[in-house]
Amino acid sequence: MFGIEIFEVLIFFRQLGLSVAGAAAFWGCVFLFLGRKSQSARSSALWQGVSQKLILIFFPAFFLFGLVWAVIAISQCVFCTNAHEGISIAETSRLLSDTTYKQYGLYITYMILGISGFAVFLIRRTFFYNHIGWFFGVFFLIISAFLLYPWTSLGSFRHDLSVSLHGWHSIFTLGSVVMVDFLFIALRFNLRPYLVKIFPLITGGVWLGLGLDFVNAGLIFNGEFFPTPRVLFMQTLIGIVIVNGVLLSGPIARAIISFQERMNSEYISPSLKKVVGISGAISITAWAGVTALDGFRSPTLTYWQLVLLYILFAAVIFLSRGIIEKFLERYAGD
């Protein structure tokens, strides 16, 4: 449909699961480290509390990757791509089969450790939280191995490095922006302590990921760039990400802090809450679009049709936030 193969959709969800789980594991480790280095008990509790909330986004992403990997392995995908900011390198089905076969041992380790951790989380939550740093650290290393290791060489160091950076940067881009939107909701928009300490760190991570994306695109630019509507639209999405990131980390963040200081409250106005929600939906949809179109090599949609789909998906993500808020009210606690 629209020139998109079912296996290309599966590959997108595989990457989405790894990216979000990797981002939750990475930032969970960072926050715990900063909490232990903090000089005040309140600040330490803030860092640790945020890291614990990340488990609620880690496990869904963990199971998403596990399920999609198994579906691809069983069904023997016949076509897939690794791509870079709209510049793609096609892989044969043989290369994908070789990669999947070589990942088998790591996948089994990933699933055993994750399911065991999930069981402990359900049965002995206090014990799990006391050792959550080790859990996040191990999974960040495992996920990085999935994304960075050249499971099947493409014939040159430059191409292998580009593929590795392409997969790994998604932890800092797609994964991190999904995590940020999750935290905005999970923290109930009580944001003043977090805007000052936590979100600038994540913003820096997103910019790092964007820089890695430019690097891996540059490694193969001469041989893989084709100015199709798909590629041009992806460059539009990169521009949207940059502008939106500047606005969110600058004027929007300052407006929230100013409002909370003026009202002497940790909450924000409904209008500012809506602006944050729109900005988050724009960012998530843009990075999801870049990641998805990386793998959709031959879509038949025009540039303006892609723009319309982007707007529709952003609207759906924004409207779905209410469902996520209700879930977190029930399971995440204040």
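Throughout, read-outs are computed from the coordinates displayed, never taken from laboratory work. What you are looking at is a predicted structure, and each value in this text was computed from that prediction instead of being measured. In this analysis, Cβ positions are derived from the backbone assuming ideal geometry, glycine residues included, and neighbour counts consider all displayed protein chains.
Can you spot the lysines whose alpha carbon is less than 19 Å from Lys53's alpha carbon? Ignore those fewer than 8 places along the same chain. Counting by Cα, and skipping residues close in sequence, Lys53 has these lysines nearby: Lys197, Lys326. With R₀ fixed at 25 Å, the C-beta to C-beta distance from Tyr303 to Leu208 puts the FRET efficiency at about 0.30. On full extension, the segment bounded by Ile74 and Leu56 gains 3.6 nm, given 0.36 nm per residue less the C-alpha separation. I want the local charge near Gly245. Using Cβ-Cβ distances under 14 Å, sum +1 for each Lys or Arg and -1 for each Asp or Glu among the other residues. My count for the surroundings of Gly245 gives -2. Taking label points 7 Å from Cα along the Cα-to-Cβ direction, Ala119 and Leu141 give a separation of 2.2 nm.
With the highest mean first, a sort of the peptides 311-320, 21-30, 202-211 on other beta-carbon atoms found within 10 angstrom per residue produces 21-30, 202-211, 311-320. For the pair Ser38 and Lys273, the difference between a 0.36 nm per residue extended length and the Cα-Cα distance amounts to 81.7 nm. Highest mean packing first, where packing is the average number of other Cβ atoms within 10 Å per residue, the peptides 277-283, 67-73 line up as 277-283, 67-73.
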